[in-house]
Amino acid sequence: MKRVLVFLLPLVGFALLIGFLAVGLKRDPREIPSPFIGKPAPAFTLTQLQDQNKTFSPKDMLGKVWLLNVWASWCVSCREEHPVLLDFAKQNVVPIMGLNYKDGRKEGVDTLSQMGDPYQLSAFDADGRVGIDYGVYGVPETFVIDKQGVIRDKIIGVITPEIVTQKLLPLIKELNRA
Amino acid sequence: MIPELGNFSVMLALCMALAQSILPITGSFTRNSRWMALARPAAAGQFVFVSFAFGCLIYAFVVNDFSVASVASNSNSTLPLYYRVAATWGGHEGSLLLWILMLAVWTFAVSLFSRQLPDETIARVLGVMGLISIGFLCFLLFTSNPFDRLLPAAADGQDLNPLLQDFGMIVHPPMLYMGYVGFSVAFSFAIAALLGGQLDSAWARWSRPWTLVAWMFLTLGIFMGSFWAYYELGWGGWWFWDAVENASFMPWLVGTALIHSLAVTEKRGSFKNWTVLLAIIAFSLSLLGTFLVRSGVLTSVHAFATDPRRGLYILIFLAIVIGGSLSLYAWRAPKVGLGGKFSLFSRESTLLVNNVLLLTAAATVFLGTLYPLFLDALNLGKISVGPPYFETVFVPLMLPVLLLIAVGPFVRWKSAPFADVAKRLRWIALATLIFAVIAWMSFAPSAMVVMGVAFCAWILLATASHVLERLRHAPAGTSLWRRIRSQPRSYWGMIVAHAGVGIFVLGVTMVKGTETSNDVNMRVGDTTSVGEYVFRFNDLQQVSGPNYTAMRGTFEVTHNGSKVATMTPEKRVFTVQRMPMTDAAIDRGFARDLYISLGEPAENGSWVVRVQHKPFVSWIWGGCIIIAFGGFLAASDRRYRLKARKRAQDVASAVAINAPA
C-alpha cells in the first residue's frame, strides 16, 4: 500500500500547482494594493547616482507633485518602460525622480547614458534599504507623491502609454489643482 | 475567401483529430483492427488540413489582407516579404497555429516511421497525440482564431514589433516549437505504454530517437533565442532568467534527464517508472510553458497579449492532460517491475545521480519562476525573482553534473570497480589541475574563470581519452576512419554532446569573468579603447531601410596599429510604431567578440557609445550547436534505422509471398 502512495505523489503535487495557477489567473501580477497609499512618503536621504557629493531627500520636493520611479540596470522590464518614461519626461508635466535600486553606481550611470535619462535625478539605493521602506516588491515600480509628500498611487510593473494617459495624467492634474 | 478556407480547414483538421484519437484507442482495447487502422490515415489527413490552414494564414499575411484581425495587428504593408511570413507566428493566434502545425508534423512523422510497431501501440500513440491536438484545435477555434475578420478592414496594419523584425524571428519560434511539441511523442509513447501495461526495453528503444530529435530541436531553439537576444537587444547579454526563457529551459533540463534515463531503460531495463514519469513531466512542462506565456499569470517581456478566458481554457486543458496522465501513472506504475539490479558504483548509479541533479535543477528554476505567483495566491505579497537567485542556486547544482559528465562514460554498467575508474582518470585529473593553475596565474582575480577552464579541460580531456581508449582496441593496421566507423553513432553522439558542454562552459565563464566594456561620449573623429582594441569614430550618416530610418556610425577598429574591422552600429527608428531600436555592430571572432552599440545623441553633437570586448562568446554558441549535433548523431544511430529497414523488408517479402503467382 505504501508503495502505491508514492506513485500518487506527482498527482498530488500537480493538483496543488493547478490550485495555485487557478488563483493566479484571477490576479493581475501588476496590481498591488499598497498599504502605503494615503500615507506620507517615508523620509530618506541618499546620495545621487550621477554625483555622490550631492544628496536627495523627498522633502526637497515638498510643494510639488512628483513621481518616484524605482529602476535598476539589471531589470529587463525597465528597458521596456524606459522609452515611455523618456517620452513622458519630455512633456514636462511632472518631475520624475529615479530610485536606482540594488544596483551598482557604474551600471546605473552606464544604463542611463546608454538609453537616455528621463529623471531629473536618481537617488542611489545600493543596498535597497529605502526600497524596503517603500515596500518595493519588484522593479519597476512608480509612486505618485502629492504636494504634501503623501503617496497617492503606486504602479507596479511597466508604465505603458495607456497608463500615462488614462491614469497618471488625470491624477496629476487633480493633485496639482489641490 | 482564402481565410475562410483556412478556417474551414482547421475545422476539418479537428474532425480528423477526433477520428485519429477516439476510434483507434477504443479499437486497441476492443481489438477492432479496422478502427485501429484509422490512426495512420487520419494523422495524414490532419497533417494535410493543418498545413493547408497554415498556408492560408501565410497567404493572408503575404498579400496584406488587413481585414483579418491577426494580420492587422501583427503586420504592415511596408514590412519586407520575409518578415510578413514570419509575422504569421508573431502574435498569439498565429503562433498557436504554428504549435498545432508542429504537432501535426510530428504525428505524421510518427505514423510514417513506425512500421515496426505493433498495431495496438501505434493506435494508442497516435490516438494520444490526436487527443492533444483536439485540445489545441478547440482552443484555437473557440478562443483565438487567427482567421477572425476585422470589419471594417484596417487601412494598414499595426506592424510587427520592431524587436521581432529579425532573422531570429524566422528561425527561433519554429525550432523551439519543434522541440516543445516533439516531447509530445515521448509523452504519447509513455501514455500508450501505461495504457497497455507494457513498459519494456522495446518501448524505450522506440521512444529514444524521437526524444533525441525533439531534444536537439529544443537545444537549437533555445540557442537561437539566446543568440538573437545577444545581438538584437543591443546590450550584449544572452540569458536573463526571464519567466519565458525559464519556461523553455525547464523542459530542456528534464528532457536531458529523460534521454539519459531512456538509455538505462533500453540497455538494462531499469528506471522504467522513473523514465515514464520524466516523459510525462517533460511534456507537461512544455504545456505549462504555453500556459505561462499566454495566460498573463506572470509578467515577462515575452508574454503575449492576455485574455483571462484563454488562461482558464489552457488551465482546464492542463488539468485534464497532466492530471489524467499522472492519475494513469499512479494507477499503472506500481505494477511495473524494477528491472536489473545494479551496485552502488555503476553506470546506472551515475546516471541516476545525473537525473536527480538535473531534475532538482529544473525544480529550482520552476520554484524561482513561479514563486511570485505562489506568494501572491497565498496573499503573502508580491515579489519578483531575478538573476541573483537563479545564479546562486542553479550553478552549484550544475557543478557535480559537470564533474560527472567526464566520469560517467568510464563507468561500466551494473557494477564498476571504483579504483579502476580512478586509475584511468588520474592523469586527466592532474592535467586539469595544471590547466586550472595556468588559468589562475593568467586571470588571477576570477575564481569563475579558473573553475570554467578547469571544468572545460576536465570534460574535454576525459572525453578525448575515452575516445582514444575505444579506438585503440582494433586490429593493427585498421585505418582511422574504419576505427571511427566501428563505434556506433550513439556513442559518437554522447561524446560530441559532452564535448559541447565543455566548450559551452568555457564560453560562459570566460565571458562572465573577463568581459570589459566602456561607455563614452564620442564625436566623429574621437577614439576610445577597450582592452587592446582602439575604436575610431570615423563617420555618422543618416540611412533609411524599408520601414525605418537610422543613424549609422562607422567605426574603425585597430589592434596594435593594424586594422581589424570596420563596424557600423545603427540607431533605428521604425516608422510605424515610432520605436527606437539599437542595432549593435558585432565583430565576431574565434576567441573574442567586439560589440558596439550606439546610445542616445547628446546635446553637443556627440553620441553615447558603448564598446565591449567579450572574450569567447562564440564558444557559447559553438558549444550549443555541438551539443545539438550530438543529439542528431545519437538519433541517427544505425540500430534505429536498421530496425525500420528490416521491418520494411519483412513486410515487402510478406507481400511478395502473398501476391498471386
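The values are calculated or read from the model by the stated rules, or taken from the named source; none is laboratory data. Bear in mind the structure is a predicted one, so any value in this text is a computation, not a measurement. For neighbour counting, all protein chains shown are included, and Cβ atoms are generated from backbone atoms with ideal geometry for every residue, glycine included.
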Condition broken by B:Leu150, with the remaining ones in (1) hydrophobic (A, V, I, L, M, F, W, C); (2) in contact with a strand residue (DSSP E or B) (Cβ under 9 Å, 6 or more places away or on another chain); (3) buried (at least 24 other Cβ atoms within 10 Å of the Cβ) satisfied
(3)
I'm told A:Leu86 meets every condition in (1) assigned to a helix (DSSP H, G or I); (2) hydrophobic (A, V, I, L, M, F, W, C); (3) modelled with pLDDT under 90 except one. Can you identify the failing condition by its number?
(3)
Out of the residues in the stretch B:79-91 meeting the condition of being part of a helix (DSSP H, G or I) and surrounded by 22 or more Cβ atoms within 10 Å (Cβ to Cβ), tell me which one is nearest to the chain's Cα centre (by Cα).
B:Ala86
Within the stretch B:227-243, does at least one residue satisfy the condition of being more than 20 Å from A:Cys78 (Cβ to Cβ) and under 16 Å from the mean Cα position of the chain (by Cα)?
yes
Is it the case, given these coordinates, that B:Leu278 is closer than 22 Å to B:Val185 by Cα, at pLDDT 70 or above and either in a helix (DSSP H, G or I) or of a type outside the set (D, E, K, R) (or both)?
yes
For the stretch B:307-326, name all the residues that are crowded, with 17+ Cβ neighbours inside 10 Å, more than 9 Å from every other protein chain (Cβ to nearest Cβ) and of a type in the set (Val, Ile, Thr).
B:Ile314, B:Val321
Residues of the stretch B:89-133 being under 30 Å from B:Asn161 (Cβ atoms) and of a type in the set (S, T, N, Q), in sequence order, are B:Ser95, B:Ser133
State yes or no: is B:Val213 touching a Phe, Trp or Tyr at 6+ places or on another chain (Cβ under 7 Å), aliphatic (A, V, I, L, M) and either assigned to a helix (DSSP H, G or I) or under 23 Å from B:Ile100 (Cα atoms) (or both)?
no
Could you give every pair whose Cβ atoms fall below 6 Å, whose first residue belongs to the stretch B:457-484 and is at pLDDT 85 or above, and whose second residue is among the hydroxyl-bearing types (Ser, Thr, Tyr) and part of a helix (DSSP H, G or I), counting only separations of at least 6 or pairs across chains?
B:Ala457/B:Thr432; B:Trp458/B:Thr432
Residues B:Ile25, B:Ile2: which one is of a type in the set (Val, Ile, Thr) and crowded, with 21+ Cβ neighbours inside 10 Å?
B:Ile25
Among what's in the stretch A:98-155 and is assigned to a helix (DSSP H, G or I) and charged (D, E, K, R), pick the residue that is surrounded by the most Cβ atoms within 10 Å (Cβ to Cβ).
A:Asp110
Mind checking whether some residue in the stretch B:633-647 is of a type in the set (A, V, I, L, M), outside the structural domain of B:Ser114 (by TED's automatic domain parsing), assigned to a loop (DSSP other than H, G, I, E, B) and modelled with pLDDT under 85?
no
Of those in the stretch B:143-195 that are among the aliphatic types (A, V, I, L, M) and free of Cβ contacts under 8 Å to residues at least 60 places away in the same chain, the residue farthest from B:Leu117 (Cα to Cα) is B:Val171
Enumeration of residues in the stretch A:95-132 that are of a type in the set (Val, Ile, Thr) and within 14 Å of chain B (Cβ to nearest Cβ)
A:Val109, A:Thr111, A:Ile132
Name the residues in the stretch B:1-37 that are part of a loop (DSSP other than H, G, I, E, B) and farther than 11 Å from B:Asp119 by Cα, would you?
B:Met1
Do you know which residues across the stretch B:110-132 are touching a residue at least 24 places away in the same chain (Cβ under 8 Å), surrounded by fewer than 19 Cβ atoms within 10 Å (Cβ to Cβ) and not in a loop (DSSP other than H, G, I, E, B)?
B:Asp119
For the stretch B:564-599, which residues satisfy the criterion of being in a strand (DSSP E or B) and free of Cβ contacts under 8 Å to residues at least 12 places away in the same chain?
B:Pro580
Take the residues in the stretch B:371-390 that are assigned to a helix (DSSP H, G or I), of a type outside the set (Ser, Thr, Tyr) and without any contact (Cβ under 8 Å) to a residue 40 or more places away in the chain; name whichever of them is surrounded by the fewest Cβ atoms within 10 Å (Cβ to Cβ).
B:Pro388
Scan the stretch B:173-210 residue by residue and report those that are surrounded by fewer than 21 Cβ atoms within 10 Å (Cβ to Cβ) and either touching a Cys at 6+ places or on another chain (Cβ under 8 Å) or not in a helix (DSSP H, G or I) (or both).
B:Gly197, B:Gln198, B:Asp200
Suppose we filter the stretch B:47-76 for residues that are modelled with pLDDT under 95 and over 10 Å from B:Thr88 (Cβ atoms); how many remain?
10
Does A:Val164 satisfy being β-branched (Val, Ile, Thr), in contact with an Asp or Glu (Cβ under 9 Å, 6 or more places away or on another chain) and either at pLDDT 85 or above or assigned to a helix (DSSP H, G or I) (or both)?
yes
Residue selected from the stretch B:401-419 under the condition within 23 Å of B:Gly340 (Cα to Cα) and more than 33 Å from the chain's Cα centre (by Cα), by the criterion surrounded by the most Cβ atoms within 10 Å (Cβ to Cβ):
B:Ala416
Looking at the stretch A:85-94, is at least one residue over 20 Å from A:Leu67 (Cβ atoms), within 14 Å of another protein chain (Cβ to nearest Cβ) and among the hydrophobic types (A, V, I, L, M, F, W, C)?
no
Being away from chain A (no Cβ under 14 Å) and surrounded by fewer than 24 Cβ atoms within 10 Å (Cβ to Cβ) narrows B:Gly237, B:Gly289, B:Gly269, B:Gly255 down to just B:Gly269
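Yes or no, residue by residue, for (1) hydroxyl-bearing (Ser, Thr, Tyr); (2) within 30 Å of B:Ala72 (Cβ to Cβ):
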| residue | (1), (2) |
| --- | --- |
| B:Gly525 | no, no |
| B:Val530 | no, no |
| B:Phe537 | no, no |
| B:Ser562 | yes, no |
| B:Thr566 | yes, no |
| B:Lys571 | no, yes |
| B:Thr575 | yes, yes |
| B:Arg578 | no, yes |
